[in-house]
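**Student:** Here's a structure for you.
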Amino acid sequence: MSRASAPPPRRSDPPSTRARSSVETRRRLLDAAELEFAQKGFAGARLRDVAATAGVQQALIHHYFGDKSGLYRAVLDRAIAETAEGGWRILEQQGDVRSTIEAFVELLVRFSATHANLLSILRLEASSGAGGALDVMSERTRPILDAVEAKIIAWQAAGVARPRVAAREIIVATLALTLFPYQEAKLLDALWPGSRERADDEAAITRRRQLVVDVVTRGLLDA
């Protein structure tokens, strides 16, 4: 009797398929973790809940991110990186005062409107001091803020911007006008029902952007 032939070897998934699966798994974990950290803060978040929401084994969190701190930092980096890169691109364009303000305000308003979870994470950490989110935020944004401050001071020295307005105060006011309506949306709605900014309301985003541009450009350019 002839010996039965061995079954053909099992083919593994092609590298491109495995890479896509890895990217998708990471995205699902980061999405789930962002929501978990936003709702419970760093201390209250549980990796098992993140894994359950993402629909994967908890071991994959350790595989991709190491530990809870690594996952937390990855969530923050993902949210901040694109906006930070956008800030550097604006600075590299060497536009005039008005066009630079318009570009930065657009960037900040879009960031605020589309990153409600990150703003919640930062709010929770500011009150608790746990997690390191503020350190990550500072690492990413401080160099850009310093560069913007230097640009405003240069404009003032060249006589194209009002010299009596402190550059840092202009930056702080711009951040407040763009971040606050979204970061404190529930508070605003409680104080004045109907004033809450919706992230999916393009008309509201456009109004907010134009208002901030008008206020900041008048502060820097009007005599």
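The values are calculated or read from the model by the stated rules, or taken from the named source; none is laboratory data. Since the structure is predicted, the reported quantities are computational estimates derived from the model, not experimental observations. Counting neighbours? That spans all protein chains shown, and the Cβs are built from the backbone with ideal geometry, glycine included.
**Student:** What do you reckon, is GLN39 surrounded by fewer than 19 Cβ atoms within 10 Å (Cβ to Cβ) and touching a helix residue (DSSP H, G or I) at 6+ places or on another chain (Cβ under 8 Å)?
**Tutor:** On the way: surrounded by fewer than 19 Cβ atoms within 10 Å (Cβ to Cβ): yes; touching a helix residue (DSSP H, G or I) at 6+ places or on another chain (Cβ under 8 Å): yes.
Yes, satisfied.
**Student:** Does region 100-121 hold any residues that are part of a helix (DSSP H, G or I) and not hydrophobic (A, V, I, L, M, F, W, C), and which are they?
**Tutor:** Looking only at region 100-121, we keep the residues that are part of a helix (DSSP H, G or I), and these are 100-114, 116-121.
Answer for region 100-121, where residues must be part of a helix (DSSP H, G or I) and not hydrophobic (A, V, I, L, M, F, W, C): THR100, GLU102, GLU106, ARG110, SER112, THR114, ASN117, SER120.
**Student:** Take region 143-165 and flag every residue that is surrounded by fewer than 15 Cβ atoms within 10 Å (Cβ to Cβ), at pLDDT below 95 and of a type in the set (D, E, K, R).
**Tutor:** ARG164
**Student:** With ALA51, ALA79 as the choices, which residue is modelled with pLDDT under 95 and crowded, with 18+ Cβ neighbours inside 10 Å? Reasoning before the result, please.
**Tutor:** Details: ALA51 fails: modelled with pLDDT under 95.
Sole residue among the options that is modelled with pLDDT under 95 and crowded, with 18+ Cβ neighbours inside 10 Å: ALA79.
**Student:** For region 120-142, indicate whether the set of residues that are surrounded by fewer than 18 Cβ atoms within 10 Å (Cβ to Cβ), more than 16 Å from the chain's Cα centre (by Cα) and farther than 19 Å from GLN39 by Cα is non-empty.
**Tutor:** Scanning region 120-142 turns up no residue that is surrounded by fewer than 18 Cβ atoms within 10 Å (Cβ to Cβ), more than 16 Å from the chain's Cα centre (by Cα) and farther than 19 Å from GLN39 by Cα.
**Student:** Criterion first (farther than 17 Å from THR83 by Cα and either modelled with pLDDT of 85 or more or outside any helix (DSSP H, G or I) (or both)) does ALA199 satisfy it? Reasoning before the result, please.
**Tutor:** Values: farther than 17 Å from THR83 by Cα: no; either modelled with pLDDT of 85 or more or outside any helix (DSSP H, G or I) (or both): yes.
No, not satisfied.
**Student:** A follow-up question, please. Looking only at residues in region 82-101 that are of a type in the set (Asp, Glu) and under 23 Å from LEU122 (Cβ atoms), which one is modelled with the lowest pLDDT? Please lay out each step first, then the result.
**Tutor:** So in region 82-101, the residues of a type in the set (Asp, Glu) come out as 82, 85, 92, 96.
Remaining after also requiring under 23 Å from LEU122 (Cβ atoms): 82, 85.
Details: GLU82: 84, GLU85: 93.
Applying the filter and picking the extreme gives GLU82.
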